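This report concerns only the one structure given below.
The values are calculated or read from the model by the stated rules, or taken from the named source; none is laboratory data. None of the values given here were measured: they were computed from a predicted structure. Cβ atoms come from the backbone with ideal geometry, glycine included; neighbour counts cover every protein chain shown. The area values use the complete protein model at the heavy-atom level, side chains included, leaving out ligands, DNA and RNA. Shrake-Rupley method; radii C 1.70, N 1.55, O 1.52, S 1.80 Å.
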Amino acid sequence: MRFRGNKRFASAVGLVLGLLCAVEAAKVNKHKPWIETTYHGIVTENDDKVLLDPPLIALDKDAPLRYAESFEVTLTEEGEICGFRIHGQNVPFEAVVLDKSTGEGVIRAKDKLDCELQKEHTFNIQAYDCGEGPDGANMKKSHKATVHIQVNDINEYSPVFKEKSYKATVIEGKKYDSILKVEAVDADCSFQFSQICNYEIVTPDVPFTIDKDGFIKNTEKLSYGKERMYKLTVTAYDCGKNRASEDVLVKISVKPTCKPSWQGFSKRIEYEPGTGSLALFPSMHLETCDEPITSIRASIELETNHIGKGCDRDTYSEKSLHKLCGASSGTVELLPAPSSSANWTVGLPTDNGHDSDQVFEFNGTQAIKVPDGMVSTSLKEPFTISVWMRHGPGAHEKETILCNSDKTDMNRHHYSLYVHNCRLILLLRQDPSEAENYKPAEFHWKLDQVCDKEWHHYVLNVEFPTVSLFVDGTTFEPFLVTEDYPLHPSKIESQLTIGACWQDNSGHDNDTETVSEPTSGGNARMAQFFRGNLAGLMIRSGKLENKKVIDCLYTCKEGLDVQLPEEVASAVKVEFNPNQSSLTVEGDDIDAFDKVMQHISYLNSRQFPTPGIRHLRISTTVKCFNEESCVTVPDAEGYVMVLQPEEPKISLSGIDHFARSAAEFESQEGVTLFPELRIVSTITREVEADAESEAAEGADDDPTVQETVVSEEIMHNLDTCEVTVVGDELDGEHESLEVDMSQLQQRGLEMSSSNLGLVITGVNTMANYEQFLHLIRYKNWHTEALFDRKFKLVCSELNGRYISNDFKVEVNVIHTASPVEHANNAMVQPNFINPVHHASVDLSGHNLVNAHQASVVPSAATIVIVVCVSFLVFMIILGVFRIRAAHQRTMRDQENGKENEMDWDDSALTITVNPMETYEDQHSSEEEEEEEEESEDGEEEDDITSAESESSEDEEGGEPEDQQGASRQQQLEWDDSTLTY
């Protein structure tokens, strides 16, 4: 029994020892707690408890046995969950352990949450056990799990309207789909409570309704006479059925029927030349009748097609315009304004006016031949052809603008520019060469401009085999180039023609094509006539025109302009066409749009613009939110009236009658024609009379006189001065007009001369023209047969639009005898060579009286001889002089406008009365008839005696008779009735 007892005791001891060992083993914290990886939670704004899915439970494998048969065991801390830790900044949540043994816990909010501030929260959580021993050493942590918590909203806010009040204007008699929109917002964070589900008009019995989106419209057509303004109270509800905290007031005004249009637009706009830019629409605005506009587009067109060549341009000659635009020399004008030096365009019809550009009309029957030598164009070097053309659809036949063809024998076309079926074609046949290969010969351009009946500017730059065409400054490439053989060798001269092509009816060889003979008898050798208008036809050899020059030639001097205000420059887009005759304005802000329109102006930079009407048209397109109800703005039409400019009066003045010795005419320098020429231009203005001066006038003065006329000098350019010979043409063998070519080139002027005179051309100041005209000299190296010469000077501006007076100059030749050494001669002679202003006085004093002459002035040579004769001869001369003086006094009383008499100073002489005086008085009429007969027979009057020197006789005998002394005042004449011839 004892043994058995010992066994039982031993078993009990072993069991206890095993349990103790197990407990000791359990005390070791070998495992980490375990939790889920992700948790999702929901919390309401007014609650702190978070509902998690899945629940927050931490597990630990170190947890002890819960039940151990009959032994009472104390649980250790190693398997228990002591807490949860939240990781993150400013996390408004905390985690709490509910049961350490089971690891169950909860998450709750620290403070009250606000969904409107933050709808969701995300953070990390971690569990940890209680560790080993009583002090919890060697604590284990679980992994970090992510927690997403959503804050549920509660309907704590009410809707609030965005505006304090709303206003709108409607037109009577119109039913709108939408007049205006009211809008409320809700501060709640959830979709349900933040959305506005309904709007309501609180005011009863009004003809309006509102939909769930806040759009208000009328339920019936409104009448301005019935009600001019409606006041509505509108409220809003969110989807949680909370009503707006404050209702809103809506005012809807009713306007009478409105017509969209441009308002404040003056149909007639007067433009005074020289005033610069003129605002066209200074107070204009667009009335859209309060339609909801999204965009506006307006096109403003200035119609100037009826003026000149499409708009107002300088009317200088085309050659001058090329020079002003920077083109180099070598330009030949083939259609110049008719003048004495360029008369081949005389027969062509023109525009019959000088206000605008001069153009030439070709009606299918006229053509002109350009004189030989005007153009020396070699097809081997670059050249340019430029022309202004206006052409309609025309027939289906060739119409020649410019043609260079054989002059005789054959009909070969060397080069030509022509129109055919709305195509512009340049024919360019190469000269004969060694290689008879095909080469480009015809260049075709198919252009709408050729047949649209409008003016267009064409420039052809030819640098074989390349040809460039510019139409109104825009480049066009040929759509077709055909080739042909070079021309056959020939020595036939060519003929350059305009408006048709020169043909030889007898010829059989035609390198281009067979042409029908024209039926017009007068132009029997012309074919392919042009129908239309041409102007400014030019050929320039050796160099091509650049784009800058071409643009300058085409640019108008008038057009539209706009200075955009800075505040609207970015809100509105403005675009011009190339010649600024139209512009488009686009924008979406109607106020900014109106400001831009008010700054659009008309500008004409010409000093003397072409007067007349320029039509204006404004076309407007408006887009609205609802295009079906968009407004239509009618076109606005008006016109700019360019007033007649103050026309300048160009006045030429100076010495118009003077005499010079024959030696000066025969000298190397010659005689200056216009030594004291003055060129002055004035305009006459009407100005209002001074009010004070009017008040000072007497009561009897005419009260209707409100304006006074004043004249003032202005400066402008001249483009032509023409010196022509009055009477017989210049004889190139004996006389000429001389100019200083270096001074001519220095001033940029050009000159052409003929036996009729000189033509000086080029746009330049009046001062430069005046200075150059001072340098023109007349030379004559055969003055024996010359007694006077008359010249006429005329200057003009703008290709003849303004023309000066005819300034005529008469130059007399003083024929002198051989000088006689006498002390008093040098003192006496200057008294008879003073120039006479504004009168026609001939100072040759030794000629017979012409049948048309009224008086004769004694020459200086006669004076010298008379002083030197013997006493006997002197007495005879005195007797004759007294007789003639009495006769001349009678004739002088009958003459009008005679000035500057030159009488003999005989105060110191003793006069003996001659018996011949009585006879002269009785027979003065008979003696005058006798003198006329002698003058007609061409006999010279002998005014010296045999007592004079032989040298004097020789010199006097060589002097010719003066036939043009119409303004002579006195005559010293010998009585030779008793002499024997």
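Odds and ends about this structure:
- Some residue of the range 595-609 being small (Gly, Ala, Ser), over 30 Å from residue 776 (Cβ atoms) and modelled with pLDDT of 90 or more: yes
- Residues in the range 463-476 that are out of contact with any strand residue (DSSP E or B) (no Cβ under 8 Å at 6 or more places or on another chain) and more than 15 Å from residue 547 (Cα to Cα): 463, 466.
- The range 1-58, residues that are at pLDDT below 50 and either in contact with a Phe, Trp or Tyr (Cβ under 7 Å, 6 or more places away or on another chain) or surrounded by 14 or more Cβ atoms within 10 Å (Cβ to Cβ) (or both): 19, 22, 23, 26
- All positions within the range 402-414 that are assigned to a strand (DSSP E or B) and farther than 11 Å from residue 487 by Cα: 402, 403, 404, 405, 406
- Exactly one residue among 167, 175 is of a type outside the set (Asp, Glu), outside the structural domain of residue 81 (by the TED database) and in a strand (DSSP E or B), and that residue is 167.
- Residue pairs whose Cβ atoms lie under 8 Å apart, separated by 6 or more positions or on different chains, with the first residue in the range 343-365 and modelled with pLDDT of 70 or more and the second among the β-branched types (Val, Ile, Thr) and not in a strand (DSSP E or B), are 344/370; 350/359; 358/315; 360/345.
- Residue within the range 240-251 that is within 55 Å of the chain's Cα centre (by Cα) and open to solvent by less than 30 Å² (accessible area, probe 1.4 Å) present: yes
- In the range 254-291, the residues that are part of a strand (DSSP E or B), open to solvent by 30 Å² or more (accessible area, probe 1.4 Å) and of a type outside the set (Lys, Arg): 263, 270, 277, 278, 279, 285, 287
- Among the residues making up the range 755-794, those that are over 39 Å from the mean Cα position of the chain (by Cα) and among the polar types (S, T, N, Q) are 755, 780, 783.
- Selection from the range 455-471 of residues that are modelled with pLDDT of 90 or more and polar (S, T, N, Q): 461, 468
- Pairs with Cβ under 8 Å, 6+ apart, first in the range 529-543 and farther than 15 Å from residue 389 by Cα, second acidic (Asp, Glu) and open to solvent by 10 Å² or more (accessible area, probe 1.4 Å): 541/381; 542/381
Condition check ((1) modelled with pLDDT of 90 or more; (2) closer than 15 Å to residue 290 by Cβ; (3) not charged (D, E, K, R)) across all residues:
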residue	(1), (2), (3)
171	no, yes, yes
184	yes, no, yes
188	no, no, no
192	no, no, yes
207	yes, no, yes
216	yes, yes, yes
219	yes, no, yes
225	no, no, yes
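- Taking the criterion of being out of contact with any Cys (no Cβ under 7 Å at 6 or more places or on another chain) and in a loop (DSSP other than H, G, I, E, B), the residues of the range 233-252 that qualify are 240, 241, 242, 244, 245, 246, 247.
- Just so you know, in the range 108-132 the residues that are among the acidic types (Asp, Glu) and outside any strand (DSSP E or B) include one that is modelled with the highest pLDDT, and it is 111.
- Failed condition for residue 209, given (1) out of contact with any strand residue (DSSP E or B) (no Cβ under 6 Å at 6 or more places or on another chain); (2) touching a residue at least 24 places away in the same chain (Cβ under 8 Å): (2)
- Subset of the range 671-681 (residues that are open to solvent by 10 Å² or more (accessible area, probe 1.4 Å) and either in the same structural domain as residue 273 (by the TED database) or part of a loop (DSSP other than H, G, I, E, B) (or both)): 675, 676
- Considering 813, 763, the condition of being open to solvent by less than 20 Å² (accessible area, probe 1.4 Å), in contact (Cβ under 8 Å) with a residue 12 or more places away in the chain and part of a strand (DSSP E or B) is satisfied by 813 alone.
This table checks each residue for (1) within 29 Å of residue 574 (Cα to Cα); (2) in contact (Cβ under 8 Å) with a residue 40 or more places away in the chain; (3) among the acidic types (Asp, Glu); (4) not in a loop (DSSP other than H, G, I, E, B).
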{"site": "610", "(1), (2), (3), (4)": "yes, yes, no, no"}
{"site": "614", "(1), (2), (3), (4)": "yes, yes, no, yes"}
{"site": "618", "(1), (2), (3), (4)": "yes, yes, no, yes"}
{"site": "622", "(1), (2), (3), (4)": "yes, yes, no, yes"}
{"site": "632", "(1), (2), (3), (4)": "yes, yes, no, no"}
{"site": "640", "(1), (2), (3), (4)": "yes, yes, no, yes"}
{"site": "647", "(1), (2), (3), (4)": "no, yes, yes, no"}
{"site": "655", "(1), (2), (3), (4)": "no, yes, no, no"}
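- The set of residues from the range 334-351 being more than 16 Å from residue 798 (Cβ to Cβ) and open to solvent by less than 40 Å² (accessible area, probe 1.4 Å) comprises 334, 335, 342, 344, 345, 348.
- Residue that is farthest from the chain's Cα centre (by Cα) [pool: residues in the range 414-473 that are hydroxyl-bearing (Ser, Thr, Tyr) and open to solvent by 30 Å² or more (accessible area, probe 1.4 Å)]: 433
- Search result, residues across the range 118-177 that are open to solvent by 70 Å² or more (accessible area, probe 1.4 Å), over 27 Å from residue 192 (Cβ atoms) and without any contact (Cβ under 8 Å) to a residue 60 or more places away in the chain: 134, 135, 144, 175
- Among residues that are of a type in the set (S, T, N, Q) and assigned by the TED database to the domain that holds residue 614, residue 299 is included.
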